[in-house]
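See structure below.
The values are calculated or read from the model by the stated rules, or taken from the named source; none is laboratory data. None of the values given here were measured: they were computed from a predicted structure. Cβ placement follows ideal geometry from the backbone for every residue including glycine, while neighbour counts extend to all protein chains displayed. The protein model used for the area step is the full one, side chains on, heavy atoms only, and it has no ligands, DNA or RNA in it. Shrake-Rupley method; radii C 1.70, N 1.55, O 1.52, S 1.80 Å.
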Amino acid sequence: MPDVVSDLHSIGELARASGLTVSALRFYDSAGVLTPALVDPVTGYRWYTDEQIAPARLVAGLRRVGMPVPDIAAAVRAEPAEVHRLLDAHLRRLADGLADARREITRLRALVDPAPAVATTLLLSPAELAAALDAVRFAVGVDPELPALSGMLLDVEPDGVRLVATDRHRLALARAGAAVDGPPARVLVPVDLVDRLRRLLDTDDGPVRLTVTGVDLRVTVAGRTLTGTALPYDFPDYRRLLREAVGARPAAYRIPVDVVALRAALRDPAAPTLAREYAGTPLAVSVLGLDDAGGLRLLHPAELPGPPADADGGLRFGVNGEYLLDALDAAGGPQLVLELDGPIAPLAVRRPDDEDTFSVLMPIRL
């Protein structure tokens, strides 16, 4: 034992060489991140090799930047390219966290020292606003445990308003042009006010006048006025959700969709589905693939002998059929485009001629 130990470093020596404390080294040993080369069976002393100094220094650096322990463990064992990927992912998390913190601090400052509410007024086309509401309404959340998803976000821009809704499993966006007077505004509109407004929009009697003053909402349509109060919740950062779900680059697959045929296939009582379970509840999964012409078709589970993507480049993926029907109905039109990057990537359902109106559905692993 003495000859072996003389070639090793004690835990204190490794602590001084790496910048980690002795207690941190003990923690990373228990977590399986950085285990000693030798533990004395009598004294319990930990001993480390020269080759463990560099990994320990890596752990110390990753610890300083707040990387989660599972990612630190992966980085210690990974090739350089994978370590760079982990670092890039952690940087994105830090940037997103900083953005979230800035928004929360801004909200807190407003609570401490509230500024006088400034009104923002929009004049909108009833038909355009109705189409935008119809394209988004289906994705509003209904889970009472997630009240921040129970309304529709109105994100007012200099020349229009973006409407957004999500229930975590799907995300829908649409945009309506508007004449805007006032600063940008973001309000989470209660769904009952959204529905009452939609019932008034089947008219051509002048524009819709929408005024946002702090949390107060006022809408005038064809001589009728609706008022309401915005929900007091922070809606998720939908722009970040889009970056994570769809990304900025073009999708690998851009598939034309014959809406009439696909809707009929999904609604057929005899349509084949794959049985899965989600949160303890049975779930019928519709499986889609490509036909010989590159269009979308509904597959039978018997056509799934192997993994989701065939070696020859074929594509098949699972979705909640009811959710896909909602997205098709909301998008409207006989022809749509479905975009995705692979069998487990989010699906974007788009109108071919409208980049501002689309929905995103989460896939189901086959």
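Values computed for the structure shown
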| quantity | calculated |
| --- | --- |
| Dimensions (Å) - segment 99-189, Cα atoms, principal axes, largest first | 39, 36, 20 |
| Under 15 Å, Cβ to Cβ, from Asp216 - net charge with Lys/Arg +1 and Asp/Glu -1 | +3 |
| Shape metrics for the chain, restricted to C-alpha atoms - Rg then Dmax, Å | 27.3, 95 |
| Mean shadow area of segment 92-143, taken as a quarter of the surface of its Cα convex hull (nm²) | 6.9 |
| Computed over segment 143-258, the ratio Rg/Rh where both radii use C-alpha atoms and Rh is Kirkwood | 1.00 |
| Accessible area in the full protein assembly, largest first, 1.4 Å probe, for Phe138, Phe317 | Phe138, Phe317 |
| Heavy-atom accessible area per residue - segment 1-73, 1.4 Å, Å² | 56 |
| Accessible surface of the chain, 1.4 Å probe, proportion on carbon and sulfur as whole % | 56 |
| Euclidean distance between Cα centres, segment 149-186 to segment 24-51, Å | 55 |
| Projected label distance in nm at Leu108 and Ala148, using a 7 Å step from Cα toward the beta-carbon | 1.5 |
| Rg/Rh ratio calculated on Cα atoms of segment 1-116 (Kirkwood radius) | 1.20 |
| Mean ellipticity per residue at 222 nm, deg cm²/dmol - from DSSP H runs of n ≥ 4 across the chain, formula -39500 (n - 2.57) | -10500 deg cm²/dmol |
| Relative contact order %, segment 30-118, counting alpha carbon pairs below 8 Å whose residues are six or more apart | 18 |
| Label-reachable residues, segment 112-155, where backbone N falls under 15 Å from a point 7 Å from Asp204's Cα toward its Cβ | 125-128 |
| Cα lying deepest toward the dipole's positive end in the chain, options Pro116, Leu324, Leu231, charges on Cβ | Pro116 |
| Length-normalised contact order of the chain in % [C-alpha pairs under 8 Å, at least 6 apart] | 12 |
| FRET efficiency, 1/(1 + (r/R0)^6) with R0 25 Å, evaluated for Glu82 and Ala252 via beta carbons | 0.65 |
| P(r) of segment 14-55 over all Cα-Cα pairs, binned every 5 Å from zero, in whole percent | 6, 22, 36, 27, 8, 1 |
| In nm, spacing of pseudo-spin labels at Ile344 and Leu241 (7 Å Cα→C-beta vector) | 2.2 |
| R0 of 35 Å, Cβ-Cβ distance Asp159-Ala284: FRET efficiency to nearest 0.05 | 0.25 |
| Length added when fully stretched, Thr227-Ala117, from 0.36 nm per residue minus Cα-Cα | 38.0 nm |
